[in-house]
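Take a look at the structure below.
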Amino acid sequence: MADTPTQRFTTFASFYLFYLGEHQNPVCRTLHFIGTSIGLGVLIYAVARGVWWLIPVGIVQGYAWAWVGHFGFEKNKPASFKQPLYSFMGDWVMWFQLLTGRIAFTPDQRG
């Protein structure tokens, strides 16, 4: 399994390039998108309805789908293990870019 480098990124922009490289598998990207979308939906519902116990359920949904993508398909460790804040930010940026078509669910494999 590949591992997140031991270096600490000093800017989110430099981390995000690494982050996208850790999400080359189309199934992994899709699972990230699904998990983040479900998690967002659960969180919105929890806040709108005041069902506070659902907040942890929403958070678990976001991470569980992503981790299945990493361990089962991408064959690497999630960046959230070593870069939790930048990884959380990267997930939302990637989710938005997938949603808007700025990046593809199937990355260009040419490098």
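The values are calculated or read from the model by the stated rules, or taken from the named source; none is laboratory data. Everything quoted here is computed from the prediction, not taken from an experiment. Don't worry about glycine lacking a Cβ; one is built from the backbone with ideal geometry, like all the others, and counts go over all protein chains shown.
Determine which single condition F71 fails, assuming it passes every other condition in (1) at pLDDT below 95; (2) aromatic (F, W, Y); (3) farther than 23 Å from A13 by Cβ.
Of (1) at pLDDT below 95; (2) aromatic (F, W, Y); (3) farther than 23 Å from A13 by Cβ, only one is false for F71: (1).
For region 77-86, which residues satisfy the criterion of being surrounded by fewer than 20 Cβ atoms within 10 Å (Cβ to Cβ) and either touching a Gly at 6+ places or on another chain (Cβ under 7 Å) or touching a residue at least 60 places away in the same chain (Cβ under 8 Å) (or both)?
If we filter region 77-86 for residues that are surrounded by fewer than 20 Cβ atoms within 10 Å (Cβ to Cβ), which is where we start, we get 77, 80-82, 84-85.
Residues satisfying the conditions are K77, F81, K82.
Scan R49, R29 and give me the residue that is charged (D, E, K, R), touching a helix residue (DSSP H, G or I) at 6+ places or on another chain (Cβ under 9 Å) and either at pLDDT 95 or above or farther than 26 Å from K75 by Cβ (or both).
Details: R49 fails: touching a helix residue (DSSP H, G or I) at 6+ places or on another chain (Cβ under 9 Å).
Just one listed residue meets the conditions, R29.
So which residues in region 92-111 are in a loop (DSSP other than H, G, I, E, B), surrounded by 14 or more Cβ atoms within 10 Å (Cβ to Cβ) and modelled with pLDDT of 90 or more, if there are any at all? If you could, list the steps in order and put the result at the bottom.
Filtering region 92-111 for residues in a loop (DSSP other than H, G, I, E, B) gives 101-111.
Pick out the ones that are also surrounded by 14 or more Cβ atoms within 10 Å (Cβ to Cβ) and you get 103, 107.
Within region 92-111, I103 is the sole residue that qualifies.
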